[in-house]
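Heads up: the structure comes next, in structure tokens.
Values in this text are rule-based calculations from the coordinates and carry no lab data. This is a predicted model, so every value here is computed, not measured. As a convention, Cβ positions derive from the backbone with ideal geometry for all residues, glycine included, and neighbour counts pool all protein chains shown.
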């Protein structure tokens, strides 16, 4: 039994010395690229949707939150940064004829631009885009101008 206690004591002492040696060596070593913490990059500017979720380069986006009668689909982003964002996609718009529930959705190709970076009041650690502009590159709904701009949700 005495040999067992002695063996355990020697093992514990050796483990303690090994841990102390490793700590001293690590503390004395100069920092390397692998051990130096990387600077956190700032959070990207977000696009806030109808449900107040933050989005970065979404594939689709609802413009008409109340009824869903206008939405962007097939979005392909070519730019995304604090100075703005740009995409091409399709605006699906319901003609609401004879009324919206019985209407037909029509596809209109558009260029989308996001602008106006602002602090997001719900989540102040994020910047959000304040407005969205659509430029219709072909046909467009009867009552729409070629370029329309909408404020975005906060």
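Principal axis extents for the stretch 47-151, Cα atoms only, whole Å, descending order, please.
Projected onto the principal axes, the Cα atoms of the stretch 47-151 cover 45, 26, 21 Å.
Would you calculate the separation in nanometres between label points at residue 150 and residue 73, each defined as 7 Å from the Cα along the Cα-to-beta-carbon direction?
About 1.6 nm, to one decimal.
Just order 134-147, 45-58, 81-94 by mean Cβ neighbour count inside 10 Å, highest at the front, would you?
Going by the mean number of other Cβ atoms within 10 Å, highest first, we get 81-94, 45-58, 134-147.
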